[in-house]
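What follows draws every value from the coordinates through simple rules; no lab data is involved. Computed from a predicted structure; not experimentally measured. Cβ: placed from backbone, ideal geometry, glycine included. Neighbour counts: every protein chain shown.
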Amino acid sequence: MCNVSAITVAVVDDHPIVVEGIVTVLEKTGTFSVVSTGSGVNDILGSAQSHGPDVIVVDLTMQGDVIGAVARVREAFPATRIVIFTASGSAELAAKALGAGASAFVLKGSPQGDLIQAITCAMAGETYITPSFAARIIAELEAKARQLRARQSMHPSIPEGQNVPLLLLRK
């Protein structure tokens, strides 16, 4: 487990009950101080500008360009870490979020300990992905690799029309 202390956090999610729940979970640990909350994509950059949190917990599926906002925060405030906390189990969206600079990807169906660990790992400069989701992504990548290898083995590297002359040369 990654250990870091006194972490300031902003929470941005378009569902007020989710924001309240995250704030409660984080503050009861005594390790985190929630300095800002927001409900829209503009609040991602706004929180970074106004409050300078160590970490911003962001819902990926809010209206607007969340991925773009993550990239802008990481560019303008490189020390601020972004933790994606979302119901979206899309490997493609996870890859885009991590590629834009998010340090962690946590599914909302995860135990609260996953969010806490994701934040502390992000602060330690590590990447965190919900373990069950990471296993699913790895399985999907392995399946795609097998499909690609199977397709490549079905298509010889030498065009079929060139096979006959090559066989005749061998005689």
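Some notes on this structure:
- Karplus-derived HN-Hα couplings along region 109-118 (A = 6.51, B = -1.76, C = 1.60, θ = phi - 60°), whole Hz, x at Gly and Pro: x, 7, x, 4, x, 5, 5, 4, 5, 4
- DSSP-defined beta bridges in the chain - what % are antiparallel, rounded to 5: 0 percent
- Most mobile of 72, 151, 136 in a GNM of the chain (Cα contacts under 10 Å): 151
- Highest-fluctuation residue, 39, 153, 88 considered, GNM on the chain with Cα pairs under 10 Å: 153
- Cβ-defined net charge surrounding residue 57, 10 Å radius [Lys, Arg +1; Asp, Glu -1]: -1
- Cα long-axis angle, helix 66-76 against the chain (0 to 90 degrees, to the nearest 10): 70 degrees
- Cα gyration tensor, region 1-97 - rounded (a/c under 1.5), prolate or oblate: rounded
- Among 71, 95, 150, the largest mean-square fluctuation in a Gaussian network model of the chain (Cα springs under 10 Å) belongs to 150.
- Ordered from longest to shortest, the equivalent ellipsoid semi-axes for the chain are 44, 16, 14 Å, each the square root of 5 times a Cα gyration tensor eigenvalue.
- Cα gyration tensor shape for region 93-157, rounded if a/c is under 1.5, else prolate or oblate: prolate
- Within the chain, helix-based [θ] at 222 nm, where runs of 4 or more DSSP H residues each add -39,500 (n - 2.57), nearest 500: -17000 deg cm²/dmol
- For residue 144, the aspartates and glutamates whose Cα comes closer than 15 Å to its Cα, not counting residues fewer than 8 places off in the same chain, are 92.
- Between helix 42-51 and the chain: long-axis angle, C-alpha atoms, 0 to 90°, nearest 10: 50 degrees
- Under 5 Å between amide hydrogens, built in the peptide plane, is the criterion, and for residue 34 it picks out 9 among residues at least 5 positions away or on other chains.
- Neighbours of residue 143 by Cβ distance under 14 Å: Lys/Arg scored +1, Asp/Glu scored -1, total +3.
- Per residue, the average separation of C-alpha pairs within less than 8 Å and at least 6 apart gives the chain a relative contact order of 18 percent.
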